[in-house]
1. Of the residues that sit in the stretch A:129-154 and are under 26 Å from residue A:47 (Cβ atoms) and under 23 Å from the mean Cα position of the chain (by Cα), which one is modelled with the lowest pLDDT?
2. Filtering the stretch C:211-221 down to residues that are buried (at least 17 other Cβ atoms within 10 Å of the Cβ) and touching a residue at least 40 places away in the same chain (Cβ under 8 Å), which residue is farthest from residue C:92 (Cα to Cα)?
3. Listed residues C:626, C:687, C:639; which is touching a helix residue (DSSP H, G or I) at 6+ places or on another chain (Cβ under 7 Å) and more than 14 Å from chain B (Cβ to nearest Cβ)?
4. Given (1) modelled with pLDDT of 95 or more; (2) farther than 25 Å from residue C:681 by Cβ, identify the lone condition not met by residue B:66.
5. Identify, from the list C:617, C:601, the residue that is under 60 Å from the mean Cα position of the chain (by Cα) and loosely packed, with under 11 Cβ neighbours inside 10 Å.
6. Scanning for something surrounded by fewer than 21 Cβ atoms within 10 Å (Cβ to Cβ), closer than 17 Å to residue C:35 by Cβ and in contact (Cβ under 8 Å) with a residue 60 or more places away in the chain, does the stretch C:107-122 turn up at least one residue?
7. Yes or no: residue B:58 over 18 Å from residue A:55 (Cβ atoms) and more than 14 Å from the chain's Cα centre (by Cα)?
8. Name the one entry in B:33, B:22 that is within 14 Å of chain C (Cβ to nearest Cβ) and either within 16 Å of residue A:70 (Cα to Cα) or in a loop (DSSP other than H, G, I, E, B) (or both).
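The values are calculated or read from the model by the stated rules, or taken from the named source; none is laboratory data. Source: prediction; values computed, not measured. Neighbour counts run over all protein chains shown; Cβ positions are idealised from the backbone, glycine included.
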């Protein structure tokens with residue numbers, strides 16, 4: 001048993017189980033925490049795949065900022081638990097079966113059509129060095145400058161939008 | 001140590017996470033959890049990107065993931081703001097209650 | 001070109017001149033005065049007479065050679081070839097002379113007569129119409145006698161039947177006094193119908209003739225008589241006989257002629273005495289070759305003529321209307337003629353036709369003069385006597401109202417006397433010679449008919465004598481007769497001319513060798529005629545009987561003239577027999593009961609039951625309209641329209657509605673289900689791409 005393989009499977013189990021936990025947990029807080037765990041596992045995957053910056057960004061932005069935001073809103077709305085609903089009883093089985101079908105299709109595509117059996121090579125030492133980070137930065141600011149700038153505008157827009165949305169009208173009483 | 005994990009394994013995991021994310025979107029009624037499931041889907045996609053990026057020794061995948069994350073952040077912000085506003089008017093965030101656009 | 005041919009080419013004028021006259025009068029007559037209208041019509045007829053004379057002259061100089069002058073192509077279909085050609089031979093020219101000659105005199109007479117009549121009936125505008133009809137009659141009668149084939153003859157035959165109808169019903173809405181009445185129209189209708197039955201016989205004869213001979217032309221038919229089966233010829237001749245009984249008023253179709261007296265007197269004179277009714281005699285004479293071939297037909301014709309002669313003479317004895325007496329006399333005399341030509345004595349028959357035209361026209365016209373005199377007298381009566389609406393209808397024709405008129409109307413009396421003597425057959429008036437010739441021939445050929453005719457001659461003299469005594473002698477029995485006036489010259493002059501002809505007309509064919517002009521003349525056309533010798537026995541017997549009859553009539557009517565309202569002496573004598581005569585043997589009533597009323601019943605049945613109730617009510621309303629309405633309402637409207645078309649389109653709408661209702665369920669407002677739909681779509685598309 002190769003260590004990488006072992007690591008892979010352990011991380012896989014964690015990621016899947018936490019995802020399933022997210023799906024089934026009644027409380028939104030628990031779901032959020034499961035998701036954080038999932039993000040962590042995926043971050044380690046990123047590391048293994050030789051993208052340290054992305055891994056850090058994952059932990060910082062995703063797990064740190066986004067999930068905290070989620071938790072804030074959950075607490076704000078008091079939406080830990082929702083009473084069980086009765087609408088769309090056919091949704092759940094149908095959704096599960098369709099997801100399974102989608103998976104099967106994906107597998108089929110990969111195995112029969114693409115025939116991917118490539119083995120991922122181990123990330124080289126250079127990948128983990130600052131030089132790779134420099135390359136990333138260069139690529140970002142040279143080749144992908146436009147998307148970069150647009151993304152920044154996008155963030156600005158999002159900020160403005162959020163503020164506009166969340167603003168209370170004059171005279172409107174608090175909920 | 002050499003990496004002996006085949007690419008297809010990573011893609012498998014990625015797909016699995018994606019499928020679970022879809023399930024979450026479809027099954028749960030709490031919009032926050034639906035949002036989280038969406039994040040899960042995005043994660044799955046990111047993983048696939050990075051797997052390919054690593055397999056073909058290009059940076060493009062990483063750049064892409066970078067942007068995905070940024071946009072995901074913006075999206076989460078706006079989405080949560082929307083949920084807050086909805087809660088303010090409906091006092092209930094059950095997605096099934098928000099059905100007044102039905103025909 | 002020598003003169004003879006030139007005159008021959010004039011023959012179409014005998015038809016075209018009267019046609020021209022009638023067209024001029026028709027178009028311009030309204031603007032011209034009465035005198036002009038009458039003059040044009042008489043001139044047309046007169047010029048036709050002149051042409052006839054020229055044609056006679058041509059034949060005379062051409063030794064009686066028959067000439068055929070083609071005029072126009074008419075029918076040419078397959079075997080049937082009938083051109084309009086004029087036949088100029090002695091027989092047709094004789095008829096032409098009689099028709100146009102007597103016709104012209106009657107035209108002149110009619111100017112005066114109608115002048116008074118339209119004023120008596122209060123419709124002066126109708127004067128022109130009379131002369132248009134008269135000219136039309138002359139034209140068509142000329143077509144009849146000048147035709148070269150049976151079909152041309154038939155055209156004229158039918159045409160004069162039409163004119164007879166038009167002229168009998170001239171006063172179709174008025175009676176003799178000018179009040180509203182349909183009697184004249186009914187009389188005209190009766191004439192038309194009776195004639196039609198005869199025409200049917202003629203048509204059957206024509207069909208048989210064409211079937212047997214493949215032609216209707218005289219020359220073709222007569223030259224092939226020997227080659228055709230006698231049975232066919234017998235059929236043809238008997239069918240022609242039916243036509244003759246219709247047109248020439250023999251038994252059994254004579255019933256129209258007495259009623260035809262409803263027409264104005266010139267009409268009675270021209271059509272129903274001198275010309276139209278003689279068409280039947282002309283027909284038999286023309287068809288001599290056919291009749292000679294089948295003795296059985298000859299016997300039949302002769303018997304019909306003989307019996308009719310006696311039958312009609314007896315009826316004439318019991319009539320009170322002056323014109324009715326003359327009408328039955330005409331039927332009787334036609335019987336003489338028909339018997340003569342039936343026996344094969346064609347010349348005798350034609351001779352009697354000519355003399356009869358003279359004296360019967362004379363008698364009718366004189367009777368018209370008498371009637372006018374009565375009407376004038378009636379008009380001039382002081383108001384109290386000729387009274388208003390309350391007066392029982394004054395009949396100017398009724399002999400019981402007359403009497404002593406020879407003092408008021410002397411000229412009329414003398415000409416009437418001439419006509420009477422001619423008709424009675426007193427020597428040397430014309431009637432004696434022609435009737436005597438018939439009797440002589442009858443004794444030789446057909447003794448039974450001889451006796452019939454002799455007895456009829458006795459009656460003839462008797463009723464004419466009766467008429468003379470009743471009308472002209474004694475005292476007036478009605479105030480109108482007392483005030484009667486003589487007729488004007490325009491009426492009297494034709495009468496005098498005719499009287500002269502009636503007196504001297506015997507000269508045409510005296511049975512003295514060398515003087516039988518007519519026999520020689522007609523011999524050019526009719527085969528096998530020979531001059532008969534004078535039979536003293538027959539002549540003596542007939543004269544004796546005539547004088548006896550006149551004496552008898554004097555005893556009854558002349559010696560003690562009748563008083564007003566007195567019963568007829570003969571009625572006292574014979575009682576019921578006289579009633580039989582007076583009621584015309586109830587023939588009209590018999591026809592009405594057996595035929596006419598049954599026909600009317602049938603017509604009524606057809607109209608009411610079949611047409612109205614069956615056809616209209618049931619078939620039309622119920623079946624057709626009902627079916628149509630059923631079709632429209634149930635099938636088309638409800639079935640097809642409502643259930644079919646509407647249902648289809650409503651169904652489309654319903655389908656759309658249901659589809660939309662079904663599809664609406666997708667829009668359940670749940671975001672989750674929309675997401676599910678998206679996933680489903682993705683899965684399906686990927687699956688499709690995989691499978692492709």
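1. Residues of the stretch A:129-154 under 26 Å from residue A:47 (Cβ atoms): A:129-144, A:147-148, A:151.
Filter once more, so that each one left must be under 23 Å from the mean Cα position of the chain (by Cα): A:133, A:136-137, A:140, A:144, A:147-148, A:151.
Working: A:133: 81, A:136: 85, A:137: 88, A:140: 86, A:144: 90, A:147: 92, A:148: 93, A:151: 94.
It comes out as A:133.
2. Let us first name the residues in the stretch C:211-221 that are buried (at least 17 other Cβ atoms within 10 Å of the Cβ), namely C:212-213, C:215-218, C:221.
Imposing the further condition that a residue be touching a residue at least 40 places away in the same chain (Cβ under 8 Å) reduces the set to C:215-218, C:221.
On the way: C:215: 20, C:216: 17, C:217: 15, C:218: 12, C:221: 17 Å.
Top of the filtered list is C:215.
3. Numbers: C:626 fails: touching a helix residue (DSSP H, G or I) at 6+ places or on another chain (Cβ under 7 Å); C:639 fails: touching a helix residue (DSSP H, G or I) at 6+ places or on another chain (Cβ under 7 Å).
Selected residue: C:687, the only one of C:626, C:687, C:639 that is touching a helix residue (DSSP H, G or I) at 6+ places or on another chain (Cβ under 7 Å) and more than 14 Å from chain B (Cβ to nearest Cβ).
4. With (1) modelled with pLDDT of 95 or more; (2) farther than 25 Å from residue C:681 by Cβ applied to residue B:66, the lone miss is (1).
5. Details: C:617 fails: loosely packed, with under 11 Cβ neighbours inside 10 Å.
Just a single option satisfies the conditions, and that option is C:601.
6. yes
7. Details: over 18 Å from residue A:55 (Cβ atoms): no; more than 14 Å from the chain's Cα centre (by Cα): yes.
Against the criterion (over 18 Å from residue A:55 (Cβ atoms) and more than 14 Å from the chain's Cα centre (by Cα)), residue B:58 does not qualify.
8. On the way: B:22 fails: either within 16 Å of residue A:70 (Cα to Cα) or in a loop (DSSP other than H, G, I, E, B) (or both).
Step by step, each of B:33, B:22 is checked, and only B:33 is within 14 Å of chain C (Cβ to nearest Cβ) and either within 16 Å of residue A:70 (Cα to Cα) or in a loop (DSSP other than H, G, I, E, B) (or both).
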